[in-house]
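Reviewing the structure listed below.
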Amino acid sequence: MEWVKYSEWIECEGRVRVMLCQLCKMREATVHFTRIVNQQKVEMYLCEQCARENSDLKININKLFSAMLGLDEPEIEDAPFTTLRCGFCGMTIEEFNRTGLLGCAKCYDVFRDSIQIMLKRIHGNVKHHGKIPKKISGRVRDEYNLRSLKEELQRCIEREEYEKAAQIRDKIKALENNLQKKEG
Amino acid sequence: MDKWYIDKGPDSDVIISSRVRLARNFKKYPFPHKTTPEQQRQIIEETKNALFSGNRTMSENFSYIDFTNLDSVEKAVLVEKHIVSKELLETNRICGVLLSKDERISIMINEEDHLRIQCLATGLQLSEAWETCTNIDDLLSESIDFSWDENIGYLTSCPTNIGTAIRASVMMHLPALTMTGYIKPVLEALGKLGMAVRGMYGENTEASGNMFQLSNQITLGKSEEDILLSIKNITSQIIEQERSLRQHLLTQNKYQLEDKIFRSYGILKNSRIISTDECLRRLSDLRLGVDMGIIDGISIENINELMLMVQPGNLQKREGRILDANERDIVRAKLVRDMLNKQKNY
């Protein structure tokens, strides 16, 4: 993929690949700026602050934001600003904002920050609490079940359902023993 | 036509049908809108294999409907029966649907997600529909690796569906709430409870014939059972309200109510031209009359059948030819007349 060749990509939290701003080299670059200078294509990757401060780049911030919000289709000729791009399916944040769809499972990592905010707004709670695929192996399943049981225990205590809580506590103990045995 | 949608189920005076659908995506392919035609074909093949090789009774019970060469009338019929979504008609991807013989279970392939497993049931039967869906899901996941994350659950093309990726909905007939204007605060309250209310054919459709589709908006952070339970609880409350308002109308505005119902009955039995919209509105009145014992000699099953048959796709399929809008209105009026006049009447 084209974007991988830039040396400034760094690993962030071991998951999201982030590119640093080419001017301040501190903040994450979220603005991709392209200009034709002397018939040569010049590309710059900047953070929003630097982009705003460097007025000679003549970046139209309003346009940038409207593009990010999906209000405006970016013009192709103007080679406007692209932000993060998924290296696996080529999805960009603009495309996501415009269509509301992600391109692949990896996009959930690449655009994690934007998605988390969105998920919180829609679902309130951002942790899965439901079905596990049949194929998921024993350990992940046990850990997942343990977490669900602990949450349920908490709810029972809040509701003062102590009899049910005791049953859940026993289940948790059994599961924890099981996990320890597997580790041992 | 003896398929499920004609039958009446539990609480059928208010609830027409229940539906549960699960979105699932293959781990190894990008989401549908980023797949190549080759990948789209593979997804279809692998899904068929997973379903048919997993269980012999399945393979005998399901058939695959390829959308590539399907004519527009057949497609419209599938949408009108709620077997596939409008989105599936509009996509230019290679797509299709695996459909059970009784037409209750369908698996849409290459819609917004790779798979949309759906089960329909008559009346209020969400748990039954969920049981069927989850069994099909288990069967498929024996041979397919689905995209799943322990923090955010099943991954879907649109982040609004992640987690359980379940959408449970009930189709409600709410004439009394609509007539009295109480529907507005009810709809507003539902929005606040994290529920979506739409028209008869899902997203971006109008509520025609006083039909409203209630579904969950939240898919993440709650278990499937909890989501179903909250819909059931809310539905029960709406049923109560609708029933008590119907009784109220009957005691307080008996003549107005009877007049409205019998006028619609008269139009349905006598009109020579009728649009889909008017027809559904009149059938809604007729249904209310039958439910309340104001009209007898007609069954809810008759009305269910009519509500499906009068729609453009089904109407054209029955006639066996393409009809323009004007012709449809004439043919529709005749169909309704014939069917109602066949029944024992006044």
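Positive end of the charge dipole of chain B (Lys, Arg +1 and Asp, Glu -1 on Cβ, about the Cα centre): tell me which of B:Leu126, B:Trp4, B:Gln247 has its Cα farthest that way.
Selected residue: B:Gln247.
Hey, fewest Cβ within 10 Å first, where do B:Arg41, B:Arg116 land in order?
Values: B:Arg41 13, B:Arg116 25.
Ranking B:Arg41, B:Arg116 by Cβ neighbours within 10 Å, fewest first, gives B:Arg41, B:Arg116.
On a full-extension model of 0.36 nm per residue, what is the gain between B:Ser143 and B:Asp7, subtracting their alpha-carbon distance, rounded to one decimal in nm? Please report the intermediate quantities before stating the final value.
On the way: separation 136, 0.36 × 136 = 48.96 nm, distance 3.49 nm.
Gain on extension, B:Ser143 to B:Asp7, equals 45.5 nm.
Quick check for me: using +1 on Lys/Arg Cβ and -1 on Asp/Glu Cβ, what's the dipole size of segment B:225-332 about its Cα centre, in debye to the nearest 20? Don't jump to the answer; show the numbers that get you there.
Working: 16 positive and 17 negative charges, 73 e Å.
Roughly 360 debye for segment B:225-332.
Would you calculate, for chain B, the mean residue ellipticity at 222 nm contributed by helices, counting each DSSP H stretch of 4 or more residues as -39,500 (n - 2.57) and dividing by all residues, to the nearest 500? Before the final figure, lay out each step's value.
On the way: 13 runs with 168 residues, N = 346.
Mean residue ellipticity, 222 nm, calculated: -15500 deg cm²/dmol.
Would you mind giving the mean number of other chain beta-carbons within 10 Å of the Cβ of each residue in B:24-34, as a whole number? Intermediate values should be presented prior to the final figure.
Numbers: counts 1, 2, 1, 4, 2, 3, 11, 8, 2, 7, 11.
Other-chain Cβ atoms within 10 Å of each residue's Cβ, averaged: 5.
What is the helix-to-structure angle for B:126-141, meaning the angle in degrees between its Cα long axis and the longest Cα principal axis of chain B, kept from 0 to 90 and rounded to the nearest 10?
Rounded to the nearest ten degrees, it is 20.
With everything on Cα atoms, drop me the angle between helix B:325-342 and the longest principal axis of chain B, reported from 0 to 90° to the nearest 10.
Tilt of helix B:325-342: around 70 degrees.
Mind checking the mean number of beta-carbon atoms from other chains within 10 Å of the Cβ atoms in B:213-222?
Working: counts 0, 0, 0, 0, 2, 4, 5, 11, 10, 6.
Partner Cβ neighbours, averaged per residue: 4.
So what does the Cα-only Debye profile of segment B:51-205 read at q = 0.10, 0.13, 0.16, 0.17 Å⁻¹, as log10 I(q)/I(0), no solvent term?
-0.43, -0.72, -1.06, -1.18
Rounded to the nearest 10 degrees, what's the angle between the helix B:37-54 long axis and the longest principal axis of chain B, both from Cα atoms, 0 to 90?
Once rounded, the angle reads 80 degrees.
Would you mind checking A:Lys135/A:Lys164; A:Lys131/B:Lys8; B:Lys8/B:Lys75 for any pair whose Cα atoms are more than 27 angstrom apart? Mind dumping the intermediate values first?
Numbers: A:Lys135/A:Lys164 30 Å; A:Lys131/B:Lys8 31 Å; B:Lys8/B:Lys75 25 Å.
Those over the limit are A:Lys135/A:Lys164; A:Lys131/B:Lys8.
Between A:Lys164 and B:Glu301, what's the calculated FRET efficiency when r is the beta-carbon distance and R0 is 30 Å? Round to 0.05.
Details: r = 44 Å, r/R0 = 1.46.
Computed FRET efficiency for A:Lys164 and B:Glu301: 0.10.
Using the 10 angstrom Cβ neighbour count as an exposure proxy, how do B:Thr156, B:Thr180, B:Thr132 rank, fewest first?
Numbers: B:Thr156 27, B:Thr180 13, B:Thr132 20.
Final ranking by Cβ density, sparse to dense: B:Thr180, B:Thr132, B:Thr156.
Please arrange B:Val170, B:Val336 by counting, for each residue, the other beta carbons lying within 10 Å of its beta carbon, fewest first.
B:Val336, B:Val170
What's the magnitude of the charge dipole for chain B around its Cα centre, counting Lys and Arg as +1 and Asp and Glu as -1 at the beta-carbon? Answer in Debye, nearest 20. Can you show the working numbers first?
On the way: 43 positive and 49 negative charges, 209 e Å.
Using Cβ point charges on Lys, Arg, Asp and Glu, chain B gives about 1000 debye.
Suppose we look only past 23 Å in the calculated P(r) of segment B:252-343. What percent of the Cα-Cα pairs does that tail hold? Please list the in-between numbers first.
Values: 905 of 4186 pairs.
Value for segment B:252-343: 22 percent of Cα pairs lie more than 23 Å apart.
Which lysines have a Cα lying under 27 Å from the Cα of B:Lys184, excluding residues fewer than 8 positions away in the same chain?
B:Lys86, B:Lys192, B:Lys232, B:Lys254, B:Lys260
Normalised radius of gyration for segment B:3-142, please: alpha carbon Rg relative to 2.2 N^0.38 Å, two decimal places. Numbers along the way, then the final one.
On the way: Rg = 14.9 Å, N = 140, 2.2 N^0.38 = 14.4 Å.
Normalised Rg, Cα atoms only: 1.04.
List the relative contact order of segment B:78-165 as a percent without decimals, with contacts defined as Cα pairs under 8 Å and 6+ residues apart. If you can, show how the numbers build up before the last one.
Working: 95 pairs, mean separation 13.3, N = 88.
Value for segment B:78-165: 15 percent.
Would you work out which of B:Ile238, B:Phe262, B:Ile94 lies farthest towards the positive end of the dipole of chain B, given +1 charges on the beta-carbon of Lys and Arg and -1 on that of Asp and Glu, about the Cα centre?
So the residue we want is B:Phe262.
Just to check, using Stokes-Einstein with a Kirkwood Rh over alpha carbon pairs, what's the diffusion coefficient of segment B:1-84 at 10 °C and 1.306 mPa s in µm²/s?
Details: Rh = 16.0 Å.
This corresponds to a translational diffusion coefficient of 99 µm²/s.
Find the all-direction average of the projected area of the Cα convex hull for chain B, expressing the result in square nanometres with one decimal place.
Details: hull surface 70.2 nm².
If I average the Cα hull's projected area over directions, I get 17.5 nm².
With Cβ to Cβ distances under 9 Å as the rule, what net charge do the other residues near B:Ser127 carry (K, R +1; D, E -1)? Don't skip to the end; give the middle numbers.
Numbers: positive: B:Lys232; negative: B:Glu128, B:Glu131, B:Glu225.
Combined, the nearby Lys, Arg, Asp and Glu give -2.
Here, each number is a calculation from the coordinates, and none is a lab measurement. Bear in mind that the values here come from a model prediction, so they are computed numbers and not experimental data. Positions of Cβ are generated from backbone atoms using ideal geometry, with glycine treated the same way; all protein chains shown enter the neighbour counts.
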